[in-house]
Amino acid sequence: KQEVTQIPAALSVPEGENLVLNCSFTDSAIYNLQWFRQDPGKGLTSLLLIQSSQREQTSGRLNASLDKSSGRSTLYIAASQPGDSATYLCAVRYNKPNQAGTALIFGKGTTLSVSS
Amino acid sequence: EAGVAQSPRYKIIEKRQSVAFWCNPISGHATLYWYQQILGQGPKLLIQFQNNGVVDDSQLPKDRFSAERLKGVDSTLKIQPAKLEDSAVYLCASSASSRVGNTIYFGEGSWLTVV
């Protein structure tokens with residue numbers, strides 16, 4: 001059964017720090033992994049999508065890596081800003097067991113607070 | 001480009017009452033999802049539509065939850081009767097297709113409190 005774990009559950013850093021959020025999954029047979037951002041009272045915004053054949057994706061100050069064989073992904077945020085404060089969720093897409101099609105399963109998220 | 005629209009944004013009801021949520025996906029998106037997100041948890045898929053057909057409803061509590069997507073565009077999610085544990089955010093999402101490489105776009109959610 002595919003499970004997604006995110007550590008830490010919460011993180012507080014001062015402005016300007018570089019930081020890493022971790023995501024692990026139990027079944028390495030995934031199609032892709034996606035990182036989302038969720039602001040309080042809002043829906044999810046897609047940040048980066050990494051296909052299973054890729055090692056990393058970059059967007060601005062964000063860099064996501066994927067090591068499928070070890071079941072791990074990291075989201076690196078450079079030079080953090082107060083506006084980065086939000087909950088970050090990772091999700092993996094994999095084949096549904098005993099069913100046709102794929103499913104997207106989420107971790108519980110890491111809540112980031114960046115202080116000025 | 002307009003995003004995924006949901007209404008109402010907030011709803012408070014008493015247990016055993018009914019509630020309905022509406023979703024309008026991004027124009028042209030064939031795949032529509034309803035997720036339930038309980039506070040402190042990641043979203044959990046309730047139902048997935050491909051056009052107006054159901055692809056996956058394996059985690060939908062069918063004794064109280066129902067959903068439809070008439071004409072393959074808008075969708076409604078209904079809960080009847082509601083229980084206290086149904087308090088959650090109900091997120092609608094859409095993607096261009098169900099192909100694995102497609103990005104999923106989420107609405108801002110409908111926040112339900114059952115008292």
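No value in this document is a laboratory result; all are computed from the given coordinates. Just so it is clear, the model here is predicted, and its values are computed rather than measured. Using ideal geometry, Cβ is built from the backbone for each residue, glycine included, and neighbour counts are taken over all protein chains shown.
If you count Lys pairs in chain B whose Cα atoms are under 16 Å apart, skipping same-chain pairs closer than 8 places in sequence, the total is 7. Label sites at residue B:7 and residue A:1, each approximated as a point 7 angstrom past Cα along Cα to Cβ, lie 3.9 nm apart. Exposure proxy for B:44, B:11: other Cβ atoms within 10 Å of each Cβ, ordered fewest to most, give B:44, B:11. Only the Cβ atoms of Lys and Arg (+1) and of Asp and Glu (-1) were treated as charged; on that basis the dipole of chain A about its Cα centre amounts to roughly 380 debye. The Rg/Rh ratio of chain B, with both radii computed over alpha carbons and Rh defined as the Kirkwood radius, is 0.95. Each Lys or Arg adds one and each Asp or Glu subtracts one; over the other residues with Cβ under 14 Å from the Cβ of residue A:52, this totals +2.
Extending 7 Å from Cα along the Cβ direction at residue A:69 and again at residue B:76 yields two label points whose distance is 5.3 nm. Evaluated over chain A, the count of Lys pairs having alpha-carbon atoms less than 17 Å apart is 4 (only pairs 8 or more residues apart or interchain). Of the residues A:61, A:93, A:37, the one that moves most in a GNM of chain A with alpha-carbon contacts below 10 Å is A:61.
Paramagnetic label reach from residue B:15 (point 7 Å along Cα→Cβ; backbone nitrogen cut-off under 16 Å): within the stretch B:51-91, residues B:64, B:80-88. Per residue, the convex hull around the alpha carbon atoms of chain A comes to 97 Å³. Label points 7 Å out from Cα along the Cβ direction at residue B:84 and residue B:62: separation in nm? According to this spin-label approximation, the distance is 2.9 nm. Using C-alpha pairs below 8 Å separated by at least 6 residues, the relative contact order for chain B is 37 percent. Unpaired Cys in the protein assembly as shown, meaning no second Cys C-beta under 4.7 Å: none found.
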